[in-house]
Amino acid sequence: MNRTRNKVSLILNYFLLALIASAMFLPFFWLVSASLQTYEEIISIPLTWLPSSPQWSNYWEVLTSPNVKLGLYFKNSFIVSTVITASVLLTSSMAGYALAKLRFPGRDLFFTFTLSTMMFPTFIFLIPVYYILRRFPFLGGNNFLGQGGSGALSSHAGLILPFVVSAWGIFLMRQFMMTIPDDFVDAARIDGASEFRIFTTIIAPLVKPAFVTLGIFQFIGSWNSFLWPLIVTTSAQHLMTLPVGLRMMVTAYSTTTVQNRLFAATVLGIIPTIVIFLALQRHYVKGITLSGIK
Amino acid sequence: MSGLPSESSRRRSVQRTVTGYLFLSPAIVFYLIFLIIPVGMSVYISFRKWNMLVPLSSSTFIGLKNYQDLFRDELFLCAVKNTLIWAIGTVFLGMLIALVIALLILNIRWAPFWRFLVFAPVVTPLVAVARIWGSGIYKTSGGMLNSILAMWQLPPQHWLADSRIALFSIMSVAIWASIGSTVIVFTAGLKGIPDEYYQAAKIDGASPWHEFRHVTLPLLRPTILFLSVTGLIGAWQAFDLVFQMGAGGTQSGVSAVKAIILLNVYLYQTAFQNLRMGRATAGAFVLFLIILCFTFVVLRVLREGGVESYE
Amino acid sequence: MKRALTIALCLLVVMVLATGGTQAAKTRLVLQTHWSDFQLEGVVDENGKLVSKGLRQYVEEYMKLKPDVEIELQSVPMEEYLQKILVSRSAGVSPDIYIIRSLWGVQLEDSGIIESPPPALIEDVKKNYVPAAVEGATINGKIMGIPVEVGNYCLVYNKAHLAEKGYKAPPNTWDEMVDMASKLTVRDKTGAITRYGFSFLAGWDSAVVHPFLGLLWDMGGEYLSPDYKKSLLNSPEGIKALEAELELFRTGGTDISGSVWEFPQQKVSMIIMASWYENSLKQGLGADYEKVVGVAPIPKVNKNINAMYTFFATVDSGSRHKKEAWDFLAWFTAEETANKTTRLGDLMVETIGSVPARKTDLENHPKDLQDLYTKTFIDELKNAKHEPNMAQAAEINTILMQEIVEAWHGSKTAKQALDDATKKINAILAEYY
């Protein structure tokens, strides 16, 4: 009797797994298939599951079209995401160290403050930050009072600066560093090492998994971020990132007969983040498991 | 002689304070420029009538009118209602499904493959997600879902155009797109439960359900708390998907229809299409208050079972 | 680790310091437009040969003529256009030349963003453009730009579909169209529509509002009171107009998923469409174009009338090169070439497939303007009525669109929808008039 019950639950397990697998996989399958179809196949009823002959030219047309600057979008997304990730890793680990391993007045207040900033809706900052960036001194033709030019808005800085610190990153780093025994740090202090030295030579190597986790998290988050780039790039099209660029293509092409190119572009837009995750997924999962968010 | 140790310990404490703030300085400078000053400016804007085409200094002060107007605006109230449904639905339903998936794939062969499968949508830009679902799965004529319905002789649905189901259609996409990270956090939580607890339950002859109910669930409480708080904060600010899927696919103007408008979309349109910066900013503060209340309620409810804070 | 941190820090500093603001020696003008794709780049045949010139080719011609001027084109989707003006203005990087909808004129004029053309150009506009377009470019009583494009609406139908069901002519009255739409609709055995008898244009405010305004005026109703103080939408005529649209949903001639964009794939038999769709139809239908496309006046209830809108070109008041900007516009829109047409007229007619607003352009493009598609639109211009240019027009039209869509979806009756629209619109008008 027990065995039949086991069997039933096993079959149920496999049924559920198959359901999950198809729900997760089919949409991607459709996208890739659509990107290789002709326009007639895309709009045909019933649905075309597989193209009769794969139209690789869709990809070629997207990559060579003068209107679609996919290369530019990639470059911008890459620059912006890389710099944001690097600076978030730096600022988060510094703040995380102070919050986890140093004792000083105001520390807990700052931590509470950091956590509470997560609750502020982006929209509260949107318009003021836009103005602040425009008045940023020494950038984009501005003088030291922030007048005369378009400030940080005409360069990648406009897409980067508002994100160089992440409350989430500080939280993650602090949680992780809390798990490192104080003895390590104290021993080094007795040896006369400076806090900066302890931070760079002892703590930093120990929190590598957290760096990887936060790094992937931040990179993918920045790569996919949409609302802020949408606003900044309306006045600076040369800064358009991939999600915004893809959306421009959607609005330009969705009513035309070259939708198949759009799907090809979408596939190309998905590849970088998928590759990064594939390559680093082991570290990512380990990082989450270790970081004490549980 | 007796003053010396306290003198040196005071110097040490001053030094520690300085070092501490030195480490915090990038964050503090950042918060000053990109948080505190902007919030101040936003408070100011929220009391004024300003269309952003003229300098802020030539806008007019109108007191609390922006806040009053919000609550008289039917569309705003719809947005609050929809966002409430959205937040609760995507977060809690998402967590339920994620927990089932996490349990299913916990001790399975090829676990990385399964993790990748559920996580792939998380790393996909939402523009692409919106595209896949909007013009592939949910398309009324020739879309995947309606094709499947047709196989079973069922009538087609207007997944995105029918105001009764559009919000739920988009919510399903949101769950699909975010479930991977929830699964991974749950997996971490489940792996963190010591084996002894399960062995003890086995010895007591507990059924799998009993085991889940009395061992797994209580020990997952901190994970659930974490996911609820962060999930709700994010869900209240959902924007991309609804903005891009709209009620017909591609045009953002349509996403304003009452059935699916969310708070952030409302704010965006109020600010950038209707040029009412004051009202939009006021709305952002209302949204902040809502998030604040929700966070407190969730912390309260979930902590009652003895969940520790993040220490 | 230390090295990695140092590198990260350096990278950060470099990135932050890198700015894009190099000064160009030439006079640089930025022209912002809602045109995109072939409208900018020209139409190219299969062999990559340019068949008809896009805006870019004209701009290049001008830059050759005036080597010290450099013109950059920026294309912005319609629905983000106003936002773009706003954001660019705030960023201090406004374009120099705009091609904008007259509908936004009041806001832009009130806020001092756009300026009147030089007197010579104003005289030219008054003398040489069709009166409706002059009306469109008139904001708060002043001419604020050069009319570039006028648009109106006609019924576009699939001749083959109509013939298939035995119809020899397009519908003449609204009731006939409702009847035909339900008979032209094709469903599969599950009841799903595989071919629509009729589809409404939707997706942005004017798409929904313009065809409705046509019906409203046809019924003898009005949008706003003459002093712009009140909305008159919930008059009996207004309700009848919306009911007439709803009739198409009730009788199964269309549903809420219908899309005009599937007309080129012959999945829709009738649409009410604007003049600018010609080239998309030609591209989408290819060799079938002549066989398929028919154009007729919008079926009437009482009288033939259709809504009209204007785009005009104007210059930003904060531009550093206003004179050069107006010089370019004068060359582009007012200077006549050998055929007694303007370059803008050629672009409108030959590439964009839309209707120019200058009288000489209307007269001297016989071949293109008398063709299958555009001819009816031009004939119908005499029955066209310009949409009102009021303050907060985008917001007001969006409200009307939302309420109409609610009625389409059946979540409100026509009366409820228009009552609600009137109430909300009146509240906005009260702020400005």
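Please treat every number below as a calculation from the coordinates, not as lab data. Keep in mind it's a predicted model, so treat the numbers as computed, not measured. A quick note on method: Cβ atoms are made from the backbone with ideal geometry, for glycine too, and the neighbour counts reach across all protein chains shown.
Some values worked out for this structure:
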read-out	value
Fluctuation leader among B:60, B:223, B:295 - chain B, Gaussian network, Cα springs under 10 angstrom	B:60
Burial order of peptide ranges A:217-229, C:171-183 (average beta-carbon count within 10 Å, highest first)	A:217-229, C:171-183
Qualifying lysines (Cα of each under 20 Å from Cα of residue A:208; at least 8 residues distant if same chain)	A:101, A:286, A:294, C:2
Per-residue mean of C-beta atoms belonging to partner chains within 10 Å, peptide A:238-251	5
Distant alpha-carbon pairs in the protein assembly as shown (separation over 51 angstrom), percent	25
Cα-based helix-to-principal-axis angle, C:55-65 vs chain C, degrees rounded to 10	30
DSSP H segments from chain A that extend 20 Å or more along their own axis, Cα-based, with Kyte-Doolittle mean of -1.0 or above	A:2-35, A:70-101, A:208-224, A:259-290
DSSP beta bridges in the protein assembly as shown [antiparallel fraction, %, rounded to 5]	65
Top of C:320, C:187, C:101 by mean-square fluctuation, Gaussian network on chain C, Cα under 10 Å	C:187
Counted charge near residue C:383, where neighbours are those whose Cβ lies closer than 11 Å (Asp, Glu -1; Lys, Arg +1)	+1
Peptide ranges B:267-280, C:404-417 listed from the most packed, as the mean C-beta count within 10 angstrom indicates	B:267-280, C:404-417
Leading residue at positive end of dipole, region A:1-152 (Cβ point charges), from A:116, A:34, A:147	A:116
Charged-residue dipole, Cβ positions (Lys, Arg, Asp, Glu), region B:67-303 about Cα centre, Debye nearest 20	100
Cα-only Debye scattering, chain B: base-10 log of I(q)/I(0) at q = 0.07, 0.11, 0.12 Å⁻¹	-0.42, -0.90, -1.01
Gaussian network model of chain B, Cα within-10 Å springs - most flexible of B:187, B:124, B:140	B:124
Cross-link partners of residue C:189 among lysines (Cα-Cα below 26 Å; sequence separation of 8 or more within a chain)	B:139, C:159, C:165, C:267
Debye intensity ratio in log₁₀ form over the Cα atoms of chain A, taken at each q of 0.11, 0.15 Å⁻¹	-0.88, -1.20
Residue-averaged beta-carbon neighbours from other chains (10 angstrom radius) around B:153-165	4
Dipole axis of chain C (+1 Lys, Arg; -1 Asp, Glu on Cβ), positive-most option in C:136, C:121, C:50	C:50
Interchain or long-range residues, amide H under 5 Å from residue C:115's placed H	C:315, C:317
Reachable lysines, given that their alpha-carbon falls under 20 Å from the alpha-carbon of residue B:258 and they are not under 8 places away in the same chain	B:81, C:412, C:415, C:423, C:424
Crossing angle, helix C:414-432 versus chain C [Cα axis fit, 0-90 degrees, rounded to tens]	30
Averaged over A:165-174, number of beta-carbon atoms from partner chains that fall within 10 Å	2
Using alpha-carbon coordinates, inclination of helix C:322-333 to the longest axis of chain C, degrees	40
Check: the protein assembly as shown dipole with +1 on Lys, Arg Cβ and -1 on Asp, Glu Cβ, in debye	3040
Filter on C:127/C:240; C:26/C:84; C:142/C:322; C:168/C:300 - keep pairs with C-alpha separation over 28 Å	C:127/C:240
Computed P(r) (all Cα pairs; chain C; 10 Å bins; percent)	4, 20, 28, 24, 14, 6, 2, 1, 0
Virtual spin-label span in nm between residue C:359 and residue A:40, 7 Å along Cα→Cβ	4.9
